[in-house]
Amino acid sequence: MRPLPPPGTFAEGQRLVYGMLAAAAGMFAGICAVAMIALLMWGGWSRDEEHSIVTIFGWSLGGFIVAMVAVIVGLLAGGPVGRFKVAASRDGASLETEGRP
């Protein structure tokens, strides 16, 4: 794997840092989601506790994923992307991003 070229300007360095933080946040979210599912599946819960545990883990996992998506979008909006544009019409929906020059 080739190393990334060094940033030429301060803004490029900031975009590199934001990109790495966004990637790390996504990987952390994925690892935590898998860990919660593994704990649920192999946690050794009794039959009486299973419904309560599934409900608690389900809501927790859903909230965690929503929070991590908000963090990732916030990092990207503050870093390399800068602007999101969402449009919906009869032909469909679109999401456009625009970076700063």
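Does the stretch 78-93 contain any residue that is surrounded by fewer than 10 Cβ atoms within 10 Å (Cβ to Cβ) and in contact (Cβ under 8 Å) with a residue 12 or more places away in the chain?
Yes, the stretch 78-93 contains a residue that is surrounded by fewer than 10 Cβ atoms within 10 Å (Cβ to Cβ) and in contact (Cβ under 8 Å) with a residue 12 or more places away in the chain.
Tell me which residues, restricted to the stretch 41-57, are open to solvent by less than 50 Å² (accessible area, probe 1.4 Å) and in contact with a Leu (Cβ under 9 Å, 6 or more places away or on another chain).
The answer is I53, F57.
Could you tell me which residue of the stretch 41-80 is nearest to E96 (Cα to Cα), considering only residues that are hydroxyl-bearing (S, T, Y) and in a helix (DSSP H, G or I)?
Step by step, filter the stretch 41-80, then rank; the result is S60.
Would you pick out the residues in the stretch 31-57 that are hydroxyl-bearing (S, T, Y) and farther than 21 Å from M68 by Cα?
The answer is S46, S52.
How many residues, within the stretch 6-23, are open to solvent by 100 Å² or more (accessible area, probe 1.4 Å) and not in a helix (DSSP H, G or I)?
1
The values are calculated or read from the model by the stated rules, or taken from the named source; none is laboratory data. No experiment lies behind these values; they were computed from the predicted model shown. Positions of Cβ are generated from backbone atoms using ideal geometry, with glycine treated the same way; all protein chains shown enter the neighbour counts. Please note that ligands, DNA and RNA were not included when accessible areas were found on the heavy atoms of the full protein model with its side chains. Shrake-Rupley method; radii C 1.70, N 1.55, O 1.52, S 1.80 Å.
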